[in-house]
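Visitor: The structure under discussion is supplied below as structure tokens; questions concerning it will follow.
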Amino acid sequence: MAEAATSRRHDVRTERTAAVTRAIEAMRAGLVRSLPVADMARTGLFSPSHFHRVFREITTVTPARFLAALRMAEARAFLLHSELTVAEVGVCVGYQSLTTFSTQFARLVGVAPGHFRQLARAVGDATAGALWSVSRAGGSGPPRRAGPLLALSGLEAEGAVVIAAVRPAGSVYARPDSWVLAAGGPPVPLGPVPGSAPCGVSAVVARPATRLTDVLVDQVPGSYLTGAARLPEGDGHRPARAPVPVALHPPGPTDLPILTAAPLEWLAHLLLAQDAGWPTANRGPPCPRRSPPGPLVADRPAQAGVALSDRD
């Protein structure tokens, strides 16, 4: 009986994942247009409200937030590889308003689109290993503070570089100063949990020889592993003591793209300081100037007939 129940739960999970994957494929194919929630729900034979719940169960975020993440991920590639203006990039990913696009990009990625283009091009072919070695050599890097420990499983390469952060549950955004950098192996110390609200952790692991832009801009298959987990609730602002297990895997269609520009800023700053002969010891990487004033998208069930946009 127990085995049969477990098998049924697995079948339901597989069916729901397949339905959400089809919806995400529709998002990717239609980034320039608003998508009716009812149409997306029909790809999985769900009602709109049930689709919303299932989508969040599988991806941890709402459809609107996932769409926003896909749009910003595509915008990053346009900014790095094309000579399109920022306004033209916004149109390519579904924004007719330059102001709206620039605001959304800065809130999710952490820097303005034009600044992101400068950072990505300044980093060039520098590798994830270069980020780690230059940071260690300069005595700087993202600050390490008392927080949860991250226990990673599935590491495939010795000396892999780990980029991880705590983020509010259900959000695609993590504060720029919450990202940490470490070498794979022992538990990775994270920053403090922000407040008492439920939080999760996101991690990206790259081989040292992997170009940083392959991971954080182009999302090249095979260039990195990813993983996420919900943090156990601690005592007030103190994190739970046990390391948080995160199983790493190749990124799949239901995994959120990592949008932060923080590692690119760290590396660009450190390389510039190194080339100019500036002292880098005790100078942490620059943090983007903006922090979002509140959630980008309200977590409310979608209604039939309502078009899905990343501002819903």
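The values are calculated or read from the model by the stated rules, or taken from the named source; none is laboratory data. The shown structure was predicted, so the numbers you read here are calculated from the model rather than taken from an experiment. Every residue, glycine among them, receives a Cβ derived from its backbone with ideal geometry; neighbour counts consider all protein chains shown.
Visitor: When the residues of the range 51-94 are filtered to those that are touching a strand residue (DSSP E or B) at 6+ places or on another chain (Cβ under 7 Å) and hydrophobic (A, V, I, L, M, F, W, C), which remaining residue is farthest from V217 (Cα to Cα)? Quick ask: steps written out before the conclusion?
Guide: Filtering the range 51-94 for residues touching a strand residue (DSSP E or B) at 6+ places or on another chain (Cβ under 7 Å) gives 60, 63-64, 67.
From what is left, the residues that are hydrophobic (A, V, I, L, M, F, W, C) are 64, 67.
Working: A64: 21, L67: 17 Å.
Top of the filtered list is A64.
Visitor: Just to verify a result, which residue in the range 47-62, among those that are assigned to a loop (DSSP other than H, G, I, E, B) and either out of contact with any Phe, Trp or Tyr (no Cβ under 9 Å at 6 or more places or on another chain) or acidic (D, E) (or both), is surrounded by the most Cβ atoms within 10 Å (Cβ to Cβ)? If you could, list the steps in order and put the result at the bottom.
Guide: Looking only at the range 47-62, we keep the residues that are assigned to a loop (DSSP other than H, G, I, E, B), and these are 47, 60-62.
Still in the list and also either out of contact with any Phe, Trp or Tyr (no Cβ under 9 Å at 6 or more places or on another chain) or acidic (D, E) (or both): 47, 60.
On the way: S47: 14, T60: 22.
Taking the candidates together, the pick is T60.
Visitor: Spot the failing condition for L108; the list is (1) of a type in the set (A, V, I, L, M, F, W, C); (2) at pLDDT 90 or above; (3) farther than 28 Å from A229 by Cβ, and only one is missed.
Guide: In the conditions (1) of a type in the set (A, V, I, L, M, F, W, C); (2) at pLDDT 90 or above; (3) farther than 28 Å from A229 by Cβ, L108 misses (3) alone.
Visitor: Same structure, new question: Against the definition (at pLDDT 95 or above, within 21 Å of Y173 (Cα to Cα) and either touching a Gly at 6+ places or on another chain (Cβ under 6 Å) or assigned to a helix (DSSP H, G or I) (or both)), how does L79 come out, yes or no? Spell out how you get there, then give the answer.
Guide: Details: at pLDDT 95 or above: yes; within 21 Å of Y173 (Cα to Cα): yes; either touching a Gly at 6+ places or on another chain (Cβ under 6 Å) or assigned to a helix (DSSP H, G or I) (or both): yes.
Spelling it out, L79 is indeed at pLDDT 95 or above, within 21 Å of Y173 (Cα to Cα) and either touching a Gly at 6+ places or on another chain (Cβ under 6 Å) or assigned to a helix (DSSP H, G or I) (or both).
Visitor: While we're here: Among A77, A68, A87, A41, which is the only one that is surrounded by 18 or more Cβ atoms within 10 Å (Cβ to Cβ) and either closer than 26 Å to Q118 by Cα or under 17 Å from the mean Cα position of the chain (by Cα) (or both)? It would help to see each step written out before you state the result.
Guide: On the way: A77 fails: surrounded by 18 or more Cβ atoms within 10 Å (Cβ to Cβ); A87 fails: surrounded by 18 or more Cβ atoms within 10 Å (Cβ to Cβ); A41 fails: either closer than 26 Å to Q118 by Cα or under 17 Å from the mean Cα position of the chain (by Cα) (or both).
Criteria check complete, one pass: A68.
Visitor: Another question, then. If we keep just the residues of the range 201-217 that are under 16 Å from L152 (Cβ atoms) and more than 14 Å from the chain's Cα centre (by Cα), which is surrounded by the fewest Cβ atoms within 10 Å (Cβ to Cβ)?
Guide: Ranking the qualifying residues of the range 201-217, first place goes to P208.
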